[in-house]
Amino acid sequence: MKDLIEYIVKALVDKPEEVNIQETGSESVTVIEVKVADEDAGKVIGREGRIVNALRTIAKAAGAKDRKRITVEIITKEENRNE
């Protein structure tokens with residue numbers, strides 16, 4: 001699942017080298033954190049959140065096959081610096 005989300009996100013952004021995908025979770029729940037450059041966040045989120053919702057739908061559909069709950073979170077580099 002991580003590879004699929006990474007492939008889609010890198011195709012959307014201007015700086016694919018700054019895309020970083022982290023997958024964490026347990027046996028039944030998985031969280032995929034997508035880190036992108038600040039200027040690419042809008043492209044991944046999309047107008048009214050449509051693109052990120054489509055990514056979440058794809059992840060949920062793939063997770064349902066394995067009876068897993070998958071969540072996709074978008075994190076910008078700016079949010080990363082504040083931690």
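Report, by residue number, each residue of the stretch 1-36 that is of a type in the set (V, I, T) and part of a strand (DSSP E or B). Explain how you work it out, then say what you get.
Going through the stretch 1-36, the residues of a type in the set (V, I, T) turn out to be 5, 8-9, 13, 19, 21, 24, 29-32, 34, 36.
Residues satisfying the conditions are I21, T24, V29, T30, V31, I32, V34, V36.
Scanning for something touching a strand residue (DSSP E or B) at 6+ places or on another chain (Cβ under 7 Å), of a type outside the set (A, V, I, L, M, F, W, C) and in contact (Cβ under 8 Å) with a residue 24 or more places away in the chain, does the stretch 38-56 turn up at least one residue? Please lay out each step first, then the result.
Taking the stretch 38-56 and keeping what is touching a strand residue (DSSP E or B) at 6+ places or on another chain (Cβ under 7 Å), we get 38, 41, 44-45, 52, 55-56.
From what is left, the residues that are of a type outside the set (A, V, I, L, M, F, W, C) are 38, 56.
Still in the list and also in contact (Cβ under 8 Å) with a residue 24 or more places away in the chain: 38.
Yes, the stretch 38-56 has at least one match.
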Of the residues in the stretch 46-76, those that are surrounded by fewer than 12 Cβ atoms within 10 Å (Cβ to Cβ), at pLDDT below 90 and basic (K, R) number 2
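The values are calculated or read from the model by the stated rules, or taken from the named source; none is laboratory data. Since the structure is predicted, the reported quantities are computational estimates derived from the model, not experimental observations. So basically every Cβ, Gly included, is an ideal-geometry build from the backbone, and we count neighbours across all protein chains shown.
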